[in-house]
Amino acid sequence: MRKKTVVWLAALVVAGTMASPAGAQVAVGVSANYGTESDFGVGARLMIPFSRVRVGVASQVQLGGDLFFPGTVEGAADASWVDLNGNVVFPLRFSEGFRPYLGVGLNLAVRSSDDTLADDPGTKAGINVVGGWRGSRGAAAPFAEVRGVIGGAEQLVLTFGFAFGGGR
């Protein structure tokens with residue numbers, strides 16, 4: 001399971017690097033998460049800006065993965081939950097310091113456990129509906145996000161983190 005997760009995350013990084021338009025400033029983010037079904041976790045993401053010329057409006061592709069540490073059913077020795085996400089977000093321009101965004105994307109939730117008593121192991125795909133805020137530019141710009149997963153994992157995820165790099 002862990003080997004597959006590493007392969008998926010590596011594929012996301014390669015795809016994000018290849019999809020980045022020339023001159024774009026890719027940002028890397030780290031986060032702490034809480035999911036209503038998956039409990040607490042940590043995550044990493046790539047934030048790749050796209051210019052108005054390529055897609056008609058300013059947007060950003062976010063590719064990321066989250067590793068959650070779910071509570072286990074009594075007797076379950078080792079449970080894991082990994083979310084892989086690909087989202088397209090669109091900024092809502094209010095002011096330089098207040099930068100909210102909305103977006104949609106795909107979620108792949110991979111849940112496993114060494115115990116058959118664990119709640120609903122397996123891989124499920126769903127649709128993300130995303131809303132968030134990213135702080136102004138700086139060495140470590142804070143961000144906060146709410147992600148609802150429709151279908152698949154069926155959960156609400158709250159994320160707080162910092163983005164490094166990227167001039168947007």
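Being closer than 22 Å to T159 by Cα, surrounded by fewer than 18 Cβ atoms within 10 Å (Cβ to Cβ) and at pLDDT below 60: is that true of A10 here? It is true that A10 is closer than 22 Å to T159 by Cα, surrounded by fewer than 18 Cβ atoms within 10 Å (Cβ to Cβ) and at pLDDT below 60. Here is the figure for segment 66-85: residues that are at pLDDT 80 or above and in a strand (DSSP E or B) total 9.
The values are calculated or read from the model by the stated rules, or taken from the named source; none is laboratory data. Just so we're clear, the structure is a prediction, and the values are computed from it rather than from any experiment. Counting neighbours? That spans all protein chains shown, and the Cβs are built from the backbone with ideal geometry, glycine included.
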